[in-house]
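Everything on this sheet refers to the single structure shown next.
The values are calculated or read from the model by the stated rules, or taken from the named source; none is laboratory data. Fair warning: this is a prediction, and the values are worked out from it, not measured in the lab. For neighbour counting, all protein chains shown are included, and Cβ atoms are generated from backbone atoms with ideal geometry for every residue, glycine included. In case anyone asks, the SASA skips ligands and DNA or RNA and just uses the protein heavy atoms, side chains included. Shrake-Rupley method; radii C 1.70, N 1.55, O 1.52, S 1.80 Å.
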Amino acid sequence: MTKIDVVDNHGQFTHLEQRALRDMGIDTELIDNETPPEEIDADGLVLSGGPDIDDIGRCSEYLDLDIPVLGICLGMQIIADELGGRIGGGEYGGYADVTVELLEESDPLTGSLYPETRVWASHADEVKELPEGFELTGKSDVCGVESMSNADRDLYGVQWHPEVAHTEEGEELFENFRAICEE
């Protein structure tokens, strides 16, 4: 059975990420973001959302575990920030229903959602500039980087929350991540 752990970055929806994976039949644990990397035994990781880029524990070390990583909201910002991208405040704070234009039909994470999907997202902070080696896979009217992928390193990020009911194709995104972890 595929095991995908959720790293707790103290976000309000983190428990829903774990529940969504469990409800799909995936073996999953919620782990603290201070967990030593050598103690992680999973086929993939979800870096959860959270309120503070300064409270991300050891998340940067998890990017070198040679397993797929999906960053959600703050989790995507962690990936971008740690790998040389740029993050900053968004023009539209708070949560909103957003239509994301998906740009890469062949992307392993978001391609099956092409050409667009409706999501629930916060844009208080967002990725402003992609790290080297990443491809822009989604954008919207309110955010230039809604999703990004580095398929060579199996590192993926979405600004939105696939685990909430307001996101129309959230389970499909998690299914795509499961497939990445099973390759």
Open item on the list: Starting from the 7 Å offset along Cα-to-Cβ, what nm value, one decimal, do you get for the label separation of Tyr114 and Asp23?
Closed with: 2.8 nm
TODO: At a temperature of 4 °C and a viscosity of 1.567 mPa s, determine how fast the chain diffuses translationally according to Stokes-Einstein, using the Kirkwood radius over alpha-carbon pairs as Rh; express D in µm²/s, rounded to the nearest whole number.
DONE: 82 µm²/s
- [ ] Using 0.36 nm per residue of separation minus the Cα-Cα distance, give me the extension gain between Val164 and Asp141 in nm, one decimal.
- [x] 6.2 nm
Task: Accessible area of region 4-182 belonging to carbon and sulfur atoms, whole % at 1.4 Å probe - done: 39 percent
TODO: Apply the Karplus parameterisation 6.51 cos²θ - 1.76 cosθ + 1.60, with θ equal to phi minus 60°, to every residue of region 126-143 and state each ³J(HN,Hα) to the nearest whole Hz, in sequence, with x for glycine and proline.
DONE: 7, 6, 9, 9, 5, x, 4, x, 9, 10, 6, 10, x, 8, 9, 5, 9, 8
TODO: Report the FRET efficiency, 1/(1 + (r/R0)^6), for Asp55 and Glu105, where r is their Cβ-Cβ distance and R0 is 35 Å, rounded to 0.05.
DONE: 0.45
- [ ] Using θ = phi - 60° and the Karplus relation 6.51 cos²θ - 1.76 cosθ + 1.60, list the HN-Hα couplings for region 152-161 in order, rounded to whole Hz, with x at every Gly or Pro.
- [x] 5, 9, 6, 10, 9, x, 10, 6, 8, 10
Task: Net charge contributed by nearby residues that have their C-beta within less than 9 Å of Val6 (K/R +1, D/E -1) - done: -4
- [ ] Counting only C-alpha contacts under 8 Å and six or more residues apart, can you give the relative contact order of the chain as a whole percent?
- [x] 21 percent
Open item on the list: For Glu116, what accessible surface area do you get with a 1.4 Å probe? Give it in Å², rounded to 10.
Closed with: 110 Å²
Task: Probe 1.4 Å - accessible area at Glu104, Å² to nearest ten - done: 60 Å²
Open item on the list: So, for the chain, what is the accessible surface per residue at a probe of 1.4 Å, expressed in square angstrom?
Closed with: 44 Å²
Open item on the list: From the helices alone, meaning DSSP H stretches of at least four residues, give me the mean residue ellipticity at 222 nm for the chain, per-run term -39500 (n - 2.57), in deg cm²/dmol to the nearest 500.
Closed with: -5500 deg cm²/dmol
